[in-house]
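Novice: There's a structure below that I have some questions on.
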Amino acid sequence: MAGPNDNTITDESLFSDEFLRQLIAVGEVDLLVGIPSLNNANTIGHVVQAVHLGFAKYFPRDRTVLLNADGGSKDGTEEAVTSVSLGDPHRMLAPQLLRTMHRVTTRYRGAAGRGNALRTILAAAELLRAKACAIISPDLLSIRPEWIDNLLRPVYKEQYDLVTPLYRRQKFDGLLISNLVYPLMRAAYGLRVREPLAGDFAFSGKLASYLLERGISPEDASPYGVGIWVVTKAIRGGLRLGQSFLGPRIRASKDSTQDVVSMIRGVVGDLFRCLEAEESLWLDASGSQPVASFGFSYDVILEPVRVNRKRLIQMFRNGVTELQDILKTILGEETFGSVREMADPSRERLHFPDELWVKTVYDFASAFHRSVLNREHMMQALIPIFRGRVASFTLERHSADDNELEAAIEDLCLAYERLKPYWIERWNLSR
Amino acid sequence: MEKPTPETAALPVEPLWYKDAIIYQLHVRSFYDSNADGVGDFRGLVQKLDYIQELGATALWLLPFYPSPLRDDGYDIADYTNVNPAYGTLDDFKTFLTEAHRRKLRVITELVLNHTSDQHSWFREARRSQNDPRRHWYVWSDTDEEYRDARIIFTDTEMSNWAWDPVSKQYYWHRFFSHQPDLNYDNSEVREAVWEVMKFWLEMGVDGFRLDAVPYLVEREGTNCENLPETHAVLQFLRQRLDEHYPDRMFLAEANQWPSDVLAYFSNGDECHMAFHFPLMPRIFMAVKLEDRKPIVEIQEHTPAIPDACQWAIFLRNHDELTLEMVTDEERDYMYDAYTTDPAMRLNVGIRRRLAPLLDGDRKRIELMNGLLMSLPGTPIIYYGDEIGMGDNIFLGDRNGVRTPMQWTGGWTAGFSRSDPERLYSPPVSNELYNPKIVNVDSQSRSEHSLLAWTKRLIRTRKLSRVFSRGKMEFLSPANHRVLAYVRTLGNETVLVVNNLASCAQAVELDLRRFKGAIPTEMSGGSVFPRIGELPYLLTVGSYQFYWFRLRRL
Amino acid sequence: MTELIMHRLTGTLENLLGVAADFLPKVLAMLIVVALGWVIALAVKAALKRILTMLKFDAFSADSGVSQTLRKTGLPSPSELLARIAFWVIWVCFMVLGLGVLGIVEFQQEIASFFQFVPHIFIALLILFIGILAANFFSRAALLAAVNADLPTPRLLSGSVRLLILILTVTMALEQIGLARNTVLLAFSITFGAVMLGLAIAFGLGGQHAARRLLEKYTVEREREKEEDISPL
């Protein structure tokens, strides 16, 4: 039947003719690994090799495809992908391949961004009826063929719908995740997903279709929020979540936008938006459940991240003083008092207690929900306070080992869970 | 001994007949029993020659029918120049030969050169004493320490390649079973004797020999005693004699080796005319299971060019297990998992099953596989019963499960014999899917749509053009790897073959620019397809479907 | 005499009555117009309030910080304020219209020019409103950006941004009303120039050190900072 829909199919197709032709040639697959890229010519070859070796070693009989969704690289990323060879299979310990190796690369439609890349990969996964898919970052130096197995197997063989990674991180790496994103999502949805922001994760064909149906809005297309969005939707859909240990995550480049300011604006903004959209999912929930974990966990000695605490403290204090008016509108009266007191320059040491941090986060989330100020501005107002929290957290755990650090984060999570009623109260305040 | 009757030599001299042949492989014992003793015989076979001719085959390959203690299913020959009484007499054989030739069917027999049975008169004489004139027709030694580098082939039953002869107090050499002593080809008397054997059959009118176990003829210290130059010299000697006297007869070498190693058996066209392409067969099965053309393309690309007068013999199934010696470990594991649901289906390094049960009786896949067999380079060999989709009985020990009586009708004895069913040399297949009531020649002859009728049409189509038997092959590489496409060319004749290895319909774009302007005609039905242009030629191929297109510029 | 007086008195009285009889309906008409105006204005006010609520106007202005400013100065919520302004403007218009009904010739011209003037007032008010919104929004954005970039005087920066925008707004609003065009333009130029000059001088002379610190921060210290920055993800 000819109708207005016909136009949308051809005009807004995610697939260029060439891409579609390639996908037809690949045909139905069992496993799909998508690598979104943008100017990663130097590192992507290594990742492509690891993925193919992972396929060859762990899924020799299954139909696999590697899909590179490129955002319009200028440095020959696509050529780098297509030209990679696996080298001598005997030396690489990879068994000889039974099947034709499939590697597809395409320039996805729309502006460069993880959201559009993900949408293309999801659509391709659905078209190829992939049973298990994974997204892998193009700039990973520490990727090993095992990752492919660790990520895909729980989905492919154990019927999990989403598998997020567990990384071995440098000490004090990922503080925004451990102090805000992880505990806040855990307190909200009651699931302990340790790395909800992951750049590398696996999902089932079922979840791919589910996500596609829901559509990816431009807001989800921020460079950071994709992981949060995927995890949230998976929880919303009542799908099975798991996580898998991958080992250290070492990337070649910091994100081009990886300064604290834009990151917090992106990540926390996306997180708050998702929380708002899925309000009905968590307002009544309490406590939290562990998420099934796979893979063999091992220790790696990594150099701790260096933190310039003096400067952080100074920026925290300046920020609180300068932004008093704004913070007053965002934070609860009591919280604001405590924060201002803490920021008092005359105090010798900075101690940012867990509970106060939790309440601050809750106040921000609630103020965001109630739009007491421009949301973008609120995100920026959080930055100095986060700096203070980082300074205090790292200072107090200067000599802590991995286990102690994990225990501290667990305590923080429990504080989040305990104070959830406070959050809900603030959330539901009328304007 | 009578002179060959004129009929037996009636076929015109046609030196390259084996290149265009379609070989039908059968065992006299299993084909048809004329005297109700439960065992097939030559008289019975003669009655069924019309059937084979109608099928479209142009040559027969008979498994060993010589007198034998049958400890290795006839491959242990006790008399090279006679017929096992169970199958008839030498005269019966001659009649058979005459009748076959009358129907333009060439006859290929088995010749086991490497060894004889220990019941053969040659060996019985040789072991009488160390000084017997026949003594050095076999390989003797005082110690079992010689030729230690030669591997033992039947590791399950044999401890050594040497066996102690208590009568003459020496060890004798055997590469296979200990009751199969190896002939000593260093002895010119043996070479002459073997030539005499060949001459005996050639004189009678036999058109070719399948030479069993050829890599092992000669032994040399410090080598693995396989594929030795001396072995090739023996074969070249026999070939030379053959060419001198019988210009249109043929040697078919059995050497389960990689194509590059088999190449030596063609030599410069002065050794064997044909040789089996062993590694291709499991890869056809693998490709269809994987729905990926890679295994076939890969092995064909690793197959070297052979002399002009030579030809590969290709097959889907034969009287042995589906051998998995010429595949990688990974591929072997995959084949086992994909094609054997029951451990009883495995034997040695292979799978002992017939074509139809291997493919779950799936008509589409059976057709596709036969289509590949008939269109890939080489002379195709059809194993008896596979043209009607016969089943097997994996509970019959060794390879007997694929050697059950040919199923002619739906009766108790499958129309194979008029004896009581209990008397048959082997029970017919009796399971629900493949028993004679379901699968038999009689019922399939009545339908235009039976597998038998279809196979006949396929063979007829193949015979339309020599491009399949003699043409060059070149793979096309469409992006869709589920589609195996190649072009066969001979002179100005071109045939495009497109196979869909997948269980679901596929779209494929073929780069046919060099045939621009040609009009494809589908060969089985004669339908004309759109003219080939500059753009990629788009075809849709149904589940396991294949097309043969004749490309013509009209 | 008496008669004459009486006649005159009667005449005057009659005259007065005549005038009164002539004028009274006009007054009555005027009162009716004013009353009608009041009703219409009230209706418009209610309707506007409803519409603005529906459009979530309050949330929008809260976003940009106008609500806070209004609350600080003891004014009601933006939608309430707008509704009230509309009410008064409409009623005043009706009152002026009522005056016109009286038919006093001297008023007529004034009234005509008043009605020419009304749309300008509206536009001027709108400009002011948007200007305040923008000033608030951008000054806060500047403040946050300055704080997060660790610039030395965030409030000064944010204050200047606000001031500039407000001056621009007021100038535009006044121009819209048509009040002393040249004066306003001149005043704006002078003020703007002064602020710029002040800033230039502040940075050039007074803020020499601050400026140097600022520059250093963005050149010399850049490398070290990067390496010591926290890594939140």
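The values are calculated or read from the model by the stated rules, or taken from the named source; none is laboratory data. The shown structure was predicted, so the numbers you read here are calculated from the model rather than taken from an experiment. Backbone-built Cβ (ideal geometry, glycine too); neighbour counts: all protein chains shown. The accessibility values were calculated without ligands, DNA or RNA, using every heavy atom of the protein model including side chains. Shrake-Rupley method; radii C 1.70, N 1.55, O 1.52, S 1.80 Å.
Novice: Just give the residues from the range A:97-124 buried by at least 10 square angstrom of accessible area in the all-chains context relative to the isolated chain, probe 1.4 Å, and say none if nothing qualifies.
Specialist: A:Leu97, A:Leu98, A:Arg99, A:Thr100, A:His102
Novice: Over the range B:420-492, with every protein chain in place, what whole percent of the accessible area is carbon and sulfur at 1.4 Å, could you tell me?
Specialist: Working: 1870 of 3810 Å².
Carbon and sulfur: 49 percent of the exposed surface of the range B:420-492.
Novice: Right, another one. Two decimals, Cα atoms only, Kirkwood Rh: what is Rg/Rh over the range B:121-173?
Specialist: Rounded to two decimals, Rg/Rh equals 1.00.
Novice: Efficiency by 1/(1 + (r/R0)^6): what FRET value for B:Thr328 and B:Ala305, r their Cβ-Cβ distance, R0 = 30 Å, to the nearest 0.05?
Specialist: Values: r = 24 Å, r/R0 = 0.81.
Efficiency, from the Cβ-Cβ distance: 0.80.
Novice: Still on this structure, I have one more. Among DSSP beta bridges whose residues both lie in the range B:210-355, state the antiparallel percentage, nearest 5. Intermediate results must be reported in sequence, preceding the final value.
Specialist: On the way: 4 of 11 bridges.
Of the beta bridges lying entirely in the range B:210-355, close to 35 percent run antiparallel.
Novice: For the range B:423-496, what is one quarter of the convex hull surface built on the Cα atoms, given in nm²? Could you put the intermediate results ahead of the total?
Specialist: Working: hull surface 35.1 nm².
That works out to 8.8 nm², a quarter of the Cα hull's surface.
Novice: Near the amide H of B:Cys225, under 5 Å away, which other amide H atoms are found, from residues 5 or more places off or on another chain, if H is placed in the peptide plane?
Specialist: So B:Cys225 has HN proximity to B:Arg220.
Novice: Once the piece of chain linking A:Asp284 and A:Asp75 is laid out straight, how much longer is it, given 0.36 nm per residue of separation minus the C-alpha distance between them?
Specialist: Working: separation 209, 0.36 × 209 = 75.24 nm, distance 4.97 nm.
The A:Asp284-A:Asp75 span can extend by a further 70.3 nm.
Novice: Wrap a convex hull around the Cα atoms of chain A, take a quarter of its surface area, and give that in square nanometres.
Specialist: Working: hull surface 89.4 nm².
Spelled out: convex hull of the Cα atoms, projected over all directions, averaged, 22.4 nm².
Novice: Same structure, new question: In terms of modelled amide H atoms, which long-range or inter-chain residues lie less than 5 Å from the amide H of A:Gly34?
Specialist: For A:Gly34, whose amide H was placed from the backbone, the distant partners under 5 Å are A:Leu67, A:Ala134, A:Ile135, A:Ile136.
Novice: Sticking with this one: How far is it, in nm, from the label point at B:Asp144 to the one at C:Trp38 when both lie 7 Å from their Cα along the line to the Cβ?
Specialist: Using points 7 Å along Cα→Cβ, the separation is 13.2 nm.
Novice: Skipping prolines and chain starts, which residues have an amide H placed within reach, meaning under 5 Å, of the one on B:Arg354, given they are 5 or more residues away or on another chain?
Specialist: B:Asp392
Novice: Could you sort the residues of the range B:468-515 by number and keep only those whose accessible area is reduced by 20 Å² or more in the all-protein-chain setting relative to the chain alone, 1.4 Å probe?
Specialist: At a threshold of 20 Å² (probe 1.4 Å), the residues of the range B:468-515 that become less exposed are B:Ala479, B:Asn480, B:His481, B:Arg482, B:Ala507, B:Glu509.
Novice: Now for a different question. Report, for chain B, the % of DSSP beta bridges that are antiparallel, rounded to 5. Display every interim value, and only then the final one.
Specialist: Working: 41 of 69 bridges.
For chain B, the DSSP antiparallel bridge percentage is about 60.
Novice: Give me the distance in nm between label points sitting 7 Å out from Cα along the Cα-to-Cβ direction at C:Gln109 and B:His449, one decimal.
Specialist: The modelled label-to-label distance comes out at 10.7 nm.
Novice: Using only the heavy atoms of the protein chains and a 1.4 Å probe, how would B:Ser430, B:Ser188 rank by accessible area, largest first? Don't jump to the answer; show the numbers that get you there.
Specialist: Details: B:Ser430 95, B:Ser188 65 Å².
Ranking B:Ser430, B:Ser188 by accessible area, largest first, yields B:Ser430, B:Ser188.
Novice: Follow-up question, since we're still on this one. Taking a 1.4 Å probe, which of A:Thr164, B:Thr58 shows the most accessible area, and what order do the others take after it?
Specialist: Details: A:Thr164 5, B:Thr58 35 Å².
The residues order as B:Thr58, A:Thr164, largest area first.
Novice: Using the Karplus curve 6.51 cos²θ - 1.76 cosθ + 1.60 with θ = phi - 60°, work out ³J(HN,Hα) for each residue of the range C:29-36 in order, rounded to whole Hz, and write x for Gly and Pro.
Specialist: 4, 4, 4, 4, 4, 4, 5, 4
Novice: Next question, about the same structure. Chains B and A: buried accessible surface, both sides, probe 1.4 Å, rounded to 100 Å²? Walk me through the intermediate numbers first.
Specialist: Numbers: alone 21740 and 19510 Å², together 39740 Å².
Interface area, both chains combined: 1500 Å², rounded to the nearest 100.
Novice: For the range B:121-173, which whole-number percentage of the solvent-accessible area (1.4 Å probe, protein heavy atoms only) is attributable to carbon and sulfur atoms?
Specialist: Details: 1510 of 3130 Å².
Accessible surface attributable to carbon and sulfur in the range B:121-173 totals 48 percent.
Novice: A further question on this structure: Spin-label point model (7 Å from Cα, Cβ direction): what's the A:Gln324 to A:Arg340 distance in nm?
Specialist: Result: 0.6 nm between the two label points.
Novice: Using a probe radius of 1.4 Å on heavy atoms only, what accessible surface per residue do you get for chain B? Whole Å² is fine.
Specialist: On the way: 21000 Å² over 554 residues.
Result: 38 Å² per residue.
Novice: OK, next. Taking 1 over the mean of 1/r across every pair of different Cα atoms in chain B, what Kirkwood radius in Å do you get?
Specialist: Details: mean 1/r = 0.0406 Å⁻¹.
Computed over chain B, the radius equals 24.6 Å.
Novice: Over 25 Å between C-alpha atoms is what I'm after, so list which of B:Lys294/B:Lys364; B:Lys294/B:Lys472; A:Lys328/C:Lys49; B:Lys94/B:Lys437 land there. List each step's numbers first, then the result.
Specialist: Values: B:Lys294/B:Lys364 20 Å; B:Lys294/B:Lys472 20 Å; A:Lys328/C:Lys49 29 Å; B:Lys94/B:Lys437 34 Å.
Beyond 25 Å between Cα atoms: A:Lys328/C:Lys49; B:Lys94/B:Lys437.
Novice: So, one more: Quick one: 3J(HN,Hα) in Hz for the range A:230-247, Karplus 6.51/-1.76/1.60 with θ = phi - 60°, rounded, Gly and Pro as x.
Specialist: In residue order, the calculated couplings are 5, 4, 4, 5, 5, 5, 4, x, x, 8, 7, 10, x, 9, 9, 6, 10, x Hz.
Novice: Between C and A, buried accessible area summed over both sides at probe 1.4 Å, in Å² to the nearest 100?
Specialist: Numbers: alone 16540 and 19510 Å², together 33150 Å².
Buried surface at the C/A interface: approximately 2900 Å².
Novice: Another question, then. What FRET efficiency comes out for A:Val300 versus A:Arg21 if R0 is 56 angstrom and r is the Cβ-Cβ distance? Round to the nearest 0.05.
Specialist: Working: r = 43 Å, r/R0 = 0.77.
FRET efficiency, A:Val300 to A:Arg21: 0.80.
Novice: Per residue of the protein assembly as shown, what 222 nm ellipticity follows from adding -39500 (n - 2.57) for every DSSP H run with n ≥ 4, rounded to the nearest 500? Intermediate values should be presented prior to the final figure.
Specialist: Working: 44 runs with 567 residues, N = 1218.
Helices in the protein assembly as shown give a 222 nm mean residue ellipticity of -14500 deg cm²/dmol.
Novice: Give the total of Lys-Lys pairs in the range A:14-294 with Cα-Cα distances below 20 Å; include a pair only if its members are 8 or more places apart or on different chains.
Specialist: Lysine pairs, 8 or more places apart or on different chains, close enough: 9.
Novice: Starting from the eigenvalues of the Cα gyration tensor, five times each then square-rooted, give me the equivalent ellipsoid semi-axes of the protein assembly as shown, largest first, whole Å.
Specialist: In descending order, the three semi-axes are 95, 37, 25 Å.
Novice: OK, next. Round to the nearest 0.05 the FRET efficiency obtained for B:Ala233 and B:Thr81 when R0 = 22 Å and r is the Cβ-Cβ distance.
Specialist: Values: r = 25 Å, r/R0 = 1.13.
Working from the Cβ atoms, E equals 0.35.
Novice: Can you report the principal axis dimensions of the range C:85-193 using only the alpha carbons, biggest first, rounded to whole angstrom?
Specialist: For the range C:85-193, the Cα extents along the three principal axes come out at 68, 31, 13 Å.
Novice: Moving on to the next point. Using a/c under 1.5 as the rounded threshold, could you call the range A:309-427 rounded, prolate or oblate? The axes a ≥ b ≥ c are square roots of the C-alpha gyration tensor eigenvalues, and prolate needs a/b larger than b/c, oblate otherwise. The partial results should precede the final answer.
Specialist: Working: a/c = 2.02, a/b = 1.20, b/c = 1.68.
It comes out oblate by the Cα gyration axes.
Novice: If you average 1/r over every pair of different alpha-carbon atoms in the range B:472-552 and take one over that average, what Kirkwood value in Å do you get? Show your work: numbers first, answer last.
Specialist: Details: mean 1/r = 0.0791 Å⁻¹.
Every distinct Cα pair counted, the radius reaches 12.6 Å.
Novice: Suppose the chain between B:Arg71 and B:Glu189 were pulled fully straight at 0.36 nm per residue; how much longer would it get relative to their current alpha carbon spacing? Walk me through the numbers on the way to the answer.
Specialist: Values: separation 118, 0.36 × 118 = 42.48 nm, distance 2.68 nm.
Gain on extension, B:Arg71 to B:Glu189, equals 39.8 nm.
Novice: Moving to a separate point now. Could you report the accessible area of B:Asp386 in Å², rounded to 10, computed with a 1.4 Å probe on the protein chains as they sit in the structure?
Specialist: Its heavy atoms expose roughly 10 Å² to the probe.
Novice: Let me ask something additional. Give the accessible area for C:Met6 in Å² (nearest 10); use a 1.4 Å probe, count only protein heavy atoms, and leave out ligands, DNA and RNA.
Specialist: Only protein atoms counted, so the area is about 100 Å².
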